[in-house]
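Take a look at the structure below.
The values are calculated or read from the model by the stated rules, or taken from the named source; none is laboratory data. Only a predicted model underlies this, so the values are computations on that prediction, with no experimental measurement involved. All Cβ positions, glycine included, derive from the backbone under ideal geometry; neighbour counts span all protein chains shown. Side chains included, ligands, DNA and RNA excluded: accessible areas come from the protein's heavy atoms. Shrake-Rupley method; radii C 1.70, N 1.55, O 1.52, S 1.80 Å.
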Amino acid sequence: MSKATSLPLNQDASSRFLPWFIAFMVWLAMAVLAAVLLLSSYSDQWRRDHTGTLTIQIPAATDGTNFKNELQVNSVLKLLKDTPGITSANAISMKRLSEILAPWLGPDMVSEALSLPIPRLIEVKFIPNTNLDIVALREKLNQEVAGAFLDDHRLWLEKLITLVNAIETVALSILILILVAATTTVIFATRTSLVIHQDLIELLNIMGADDKYVAIQFYRHAMYLSLKGSFAGVIFVIATLCTLESIGSDIGMVILPQLTLNFWQWSCMLFVPLAIVAVTVLTARITVLRVLGRLT
């Protein structure tokens, strides 16, 4: 009697249900983990790009000429360069501003023909750990140019990072719940299969088969089902991410962040199906040995 045919485990209802359940769990877990990895990479990028930076907005001239705006921008640049702690201050060109606004307003809305009043922006970089007095700098700017607005990126960056951290915590909690749900389902499916084949198991024991022999068949079968379901789940999540990336590229990366995972992130993602297979096999083995131990 071969190990493959001692118990007709392929005929169980769990053999049809469990792979699909595992596929869904793998898809959900990998999708959640992808979101966590993307948010983490965006968070790091936001820290690198906006730590130690300010943005100053110079209101557009009301007389329809750019001469006054240019004088105001130059005076603000001189003030910033004379401020201790500031390393650079550069005015964003009108061409660059039009390119930034075009995805939101359309190229016609920001054309010179429509004379849309566009405020001038100045990018400021300062030493992150310096004690830059933002309040005093705001007062000097208002004295220099009436209506000038200073945007301290640290204020919204800290709130954004806090929100990202909260989302990551919730996502990791979901991963733990998925693992618990998968373990519980495997236990239930294994116990059900043991009840269905109890007569055959008792017959095998009479013929000299020990509990280890029976357990090997169960967890080998569980491994086959989990590998089958995990493979399907990986295919589903790849299709999902590719679809989202395609939609994101069509919308434009100015509006939607790039939804592309690097090699390291994909390596972390592939750990999910391997972990679920390992948990499935280990859970099936422990469950079988415990139940058989009580039967004998």
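(1) touching a helix residue (DSSP H, G or I) at 6+ places or on another chain (Cβ under 8 Å); (2) modelled with pLDDT of 85 or more; (3) hydroxyl-bearing (S, T, Y): which one isn't true of T162, the others all being true?
(1)
For every residue, the table says whether it meets (1) over 15 Å from the mean Cα position of the chain (by Cα); (2) open to solvent by 80 Å² or more (accessible area, probe 1.4 Å); (3) more than 21 Å from L241 (Cα to Cα).
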site	(1), (2), (3)
W20	yes, yes, no
A23	yes, no, no
M30	no, no, no
Y42	no, no, no
R47	yes, yes, yes
A60	yes, no, yes
L80	yes, no, yes
P84	yes, yes, yes
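When both residues are 6+ apart or on different chains and their Cβ atoms are under 7 Å apart, which pairs have a first residue that lies in region 184-196 and is open to solvent by 20 Å² or more (accessible area, probe 1.4 Å), and a second that is of a type in the set (A, V, I, L, M, F, W, C)?
Every condition considered, the pairs that remain are T185/F21; R191/V291.
From L261, L227, grab the single residue that is modelled with pLDDT under 90 and either over 21 Å from A34 (Cα atoms) or of a type outside the set (V, I, T) (or both).
Exactly one of L261, L227 is modelled with pLDDT under 90 and either over 21 Å from A34 (Cα atoms) or of a type outside the set (V, I, T) (or both), namely L261.
Could you grab the pairs with beta carbons closer than 9 Å, sequence gap of 6+ or different chains, first residue in region 126-153 and under 15 Å from T87 (Cα atoms), second one hydrophobic (A, V, I, L, M, F, W, C) and part of a helix (DSSP H, G or I)?
Taking only residues 6 or more apart or on different chains, the pairs are L137/L79; L137/L80.
Looking only at region 119-178, which residues are among the aromatic types (F, W, Y) and in a strand (DSSP E or B)?
Residues satisfying the conditions are F126, F149.
Within region 230-258, work out how many residues are surrounded by 13 or more Cβ atoms within 10 Å (Cβ to Cβ) and modelled with pLDDT of 85 or more.
11
Would you confirm whether or not region 58-71 contains a residue that is aromatic (F, W, Y), modelled with pLDDT under 85 and part of a helix (DSSP H, G or I)?
Taking every residue of region 58-71 in turn, at least one turns out to be aromatic (F, W, Y), modelled with pLDDT under 85 and part of a helix (DSSP H, G or I).
Quick one: in region 86-112, which of the residues that are open to solvent by 70 Å² or more (accessible area, probe 1.4 Å) and of a type in the set (A, V, I, L, M) is modelled with the lowest pLDDT?
M109
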